[in-house]
Amino acid sequence: MNVDGLATPAVLIDRARAERNLDRMQAAAAARGVRLRPHTKTHKSPLVAGWQIARGAVGICCAKLGEAEVFAAHGIADIRLPYPLNPANADRVLALLDRTRLSFIVDHPVVAKQWSEAMVRAGRRVEILVKIDVGFHRCGLDPDSRETVATIREIAALPGLDFRGLLSHAGQAYHAHSEDGLRLMAESEVRTMSDLASWCRAKGLAVDEISLGATPPSRFSLQQDGFTELRPGNYVYFDRTQVSLGAATLDDCALTVLARVVSKPAANRIILDSGSKTLTNDGARGFAPAPGYGTVLRQPGGHSSSGGHTLSGGQTMSGGNVLSGPAVADDTLVIERLSEEHATVKVTTGSTTLEPGDLVRIVPNHSCVVSNLVDQAWLVDGDRVEPLPIAARGRIT
Ligand SMILES: Cc1ncc(COP(=O)(O)O)c(C=O)c1O
């Protein structure tokens, strides 16, 4: 099978690009001497998790127990949930502890106590990390509060809980306005976490792990000492937002959406079959976010709205490896509006050679949510195209 034969819209994963992204992050983490524990929220695929472990990742992260259940069933031996689990889920946690090494975060003394009671009742222990708020203001204890060290010590002393250390997520990095702003956020996160760990240690508490993670600040975090674990997720595929945040080039983006032109109501407007149920309504973020719902790629030697020649009689992409060659944006095509199943594309030059039936590829604004919308993506490996099941897709509980 080749890409031309796929029903559209389809999510394509370029294996060579994804593996190159994994190699680079693994090498950077190893060079700094920190453990890499990728967040699997981006790919939700046991196959891709296997590539990460094979390269040296110490384990994986999942957000939800449902995802962890899928990965544990596929033999992943060390799973961390940097998510504030509620003890209402104690039975599922106990079942998972029989299958894998599991750890999760707590950031609330009452919830921590309830977990402790649940573990003591079951005669079990579970590893926990205390979540610290480093500026995203989502979950986590305030590192600047006078009570925080005491709260961490209180949680760490609870029976049934094995305190491993501190964990943060600088999600505010997605709102950075510049490279310098992003660097300052990354530096501040490492400093905040290592200072807090020192204060805890000064009070006699062993802090074995300091875990940070998000793709945009990783390149700056990895220039510093003072943490033990990095948890990026998006870096496996990247997307238009990461390009806009300087974390990747367009050519690094491994996930693209294959879409077909289904109508051409005017010379300067085409309609694709990939609406918000494929591309999602997420806008691009970044230093200077580009308008629209994704970057349409120019095919090497193929279509362009400024009049390039078409491939395969104008109806298809090339056969074989359509993903080879550098990815180049067709800036004359702007996906300006999405309905559920339509993308309305404006041709800024006034006309395009694209016609109904033609295929295009799109780098979406946010790859994690795109892969969660399909049961199966397509792995493009050289000339081979094969199904890539997204086994943990939709596991939101
Ligand atoms: C707690 C936590 N850790 C790590 C990550 C991975 O971050 P990124 O998607 O930027 O790689 C996320 C992403 O949402 C997260 O919420």
Give just the number: which of (1) touching a helix residue (DSSP H, G or I) at 6+ places or on another chain (Cβ under 8 Å); (2) more than 16 Å from the ligand (Cβ to nearest atom); (3) of a type outside the set (Lys, Arg); (4) assigned to a loop (DSSP other than H, G, I, E, B) does ALA259 not satisfy? (4)
For the stretch 36-56, does any single residue satisfy the condition of being in a strand (DSSP E or B) and away from the ligand (no atom under 13 Å from the Cβ)? no
Determine, yes or no, whether THR353 is without any contact (Cβ under 8 Å) to a residue 60 or more places away in the chain and either touching a helix residue (DSSP H, G or I) at 6+ places or on another chain (Cβ under 8 Å) or polar (S, T, N, Q) (or both). yes
Counting only residues that are part of a loop (DSSP other than H, G, I, E, B) and away from the ligand (no atom under 11 Å from the Cβ), how many does the stretch 220-236 have? 7
Of the residues in the stretch 137-151, how many are touching a helix residue (DSSP H, G or I) at 6+ places or on another chain (Cβ under 6 Å) and under 23 Å from ILE79 (Cα atoms)? 1
Flag if PRO291 is over 30 Å from ASP381 (Cβ atoms), assigned by TED's automatic domain parsing to the domain that holds LEU373 and outside any loop (DSSP other than H, G, I, E, B): no
For GLU187, are the conditions met, namely being under 17 Å from the mean Cα position of the chain (by Cα) and of a type in the set (Asp, Glu)? no
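Here's the yes/no breakdown for (1) in a helix (DSSP H, G or I); (2) at positive phi:
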| site | (1), (2) |
| --- | --- |
| ARG164 | no, no |
| TYR174 | yes, no |
| ASP180 | yes, no |
| LEU184 | yes, no |
| ARG201 | yes, no |
| GLY204 | no, yes |
| PHE238 | no, yes |
| VAL243 | yes, no |
Checklist (1) farther than 16 Å from ASP4 by Cβ; (2) touching a residue at least 60 places away in the same chain (Cβ under 8 Å) applied to VAL334, failing item: (2)
Could you tell me whether VAL3 is crowded, with 17+ Cβ neighbours inside 10 Å, touching a strand residue (DSSP E or B) at 6+ places or on another chain (Cβ under 9 Å) and modelled with pLDDT under 95? yes
Just checking, does the stretch 158-168 include any residue being acidic (Asp, Glu), within 16 Å of the ligand (Cβ to nearest atom), in the same structural domain as SER194 (by TED's automatic domain parsing) and within 20 Å of ARG37 (Cβ to Cβ)? no
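The values are calculated or read from the model by the stated rules, or taken from the named source; none is laboratory data. Model, not experiment: these values are computed from the prediction. Note that each Cβ is placed from the backbone with ideal geometry, even for glycine, and that neighbours are counted across all protein chains shown.
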